[in-house]
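Report on the structure given below.
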Amino acid sequence: MAKGLNKILFVEDDPMVAELAVMALEEFGGLELNHCISGADAVAQFHDFAPDMLLLDVMMPEMDGPETLRRIRALPNGAAVPAVFMTAKSQAHEQEAYLQLGAIGVIPKPFDPLTLSDKLVEYWQQDSSAD
């Protein structure tokens, strides 16, 4: 049986979106979060935090979500951690492109804070059952 979803490395540069997501995931979802404001921060903190899942904003300055995922995937144990993208760019062809990059799901912005943690758990369970 797969280990439960507890720790999420969350990368979001928009303070308002981050505040809402952190509240939704920690208070409503009971998850432990490490919120990073940039892809570089996420790459630097990956090993110390040892997340169960990555939740990545797509559009960020300097290093976007797809590049952040590529760099984390190149780290030891980075390829084993499932990733979900969160983005306003969520048309079907865009979502398919994110899945092709190795994400297990895409959450469109704006998201519902009351169901955000449930959606991540759903992706987690689907990914765990594929093992």
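Each reported figure results from applying straightforward, stated rules to the coordinates on display, with no laboratory input. Keep in mind the model is a prediction, meaning the values are calculated, not measured. Cβ atoms come from the backbone with ideal geometry, glycine included; neighbour counts cover every protein chain shown.
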Matching residues, segment 1-36, being over 14 Å from MET53 (Cα atoms) and among the aliphatic types (A, V, I, L, M): MET1, MET16, VAL17, ALA18, LEU20, ALA21, VAL22, MET23, ALA24
Candidates LEU5, LEU56 - the one that is outside any strand (DSSP E or B) and closer than 16 Å to LYS119 by Cβ: LEU5
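Go over the candidates GLN95, GLN100, GLN91 one by one and state the one that is polar (S, T, N, Q) and surrounded by 13 or more Cβ atoms within 10 Å (Cβ to Cβ).
Numbers: GLN100 fails: surrounded by 13 or more Cβ atoms within 10 Å (Cβ to Cβ); GLN91 fails: surrounded by 13 or more Cβ atoms within 10 Å (Cβ to Cβ).
Step by step, each of GLN95, GLN100, GLN91 is checked, and only GLN95 is polar (S, T, N, Q) and surrounded by 13 or more Cβ atoms within 10 Å (Cβ to Cβ).
When the residues of segment 96-106 are filtered to those that are touching a residue at least 24 places away in the same chain (Cβ under 8 Å) and of a type outside the set (Phe, Trp, Tyr), which remaining residue is farthest from PRO51 (Cα to Cα)? Outline the logic, then answer.
Residues of segment 96-106 touching a residue at least 24 places away in the same chain (Cβ under 8 Å): 98, 101-103.
This time we only want the ones that are of a type outside the set (Phe, Trp, Tyr), so: 101-103.
On the way: LEU101: 19, GLY102: 17, ALA103: 15 Å.
Result: LEU101.
Test ASP127 against the criterion of being more than 13 Å from the chain's Cα centre (by Cα), touching a residue at least 12 places away in the same chain (Cβ under 8 Å) and closer than 21 Å to GLY4 by Cβ, and give yes or no.
Details: more than 13 Å from the chain's Cα centre (by Cα): yes; touching a residue at least 12 places away in the same chain (Cβ under 8 Å): yes; closer than 21 Å to GLY4 by Cβ: yes.
So ASP127 passes the test.
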Conditions (1) closer than 16 Å to LEU69 by Cα; (2) within 13 Å of the chain's Cα centre (by Cα); (3) assigned to a helix (DSSP H, G or I); number of the one not met by ALA21: (1)
All positions within segment 79-93 that are in contact (Cβ under 8 Å) with a residue 12 or more places away in the chain and of a type outside the set (S, T, N, Q): VAL81, PRO82, ALA83, VAL84, PHE85, MET86, ALA88, LYS89
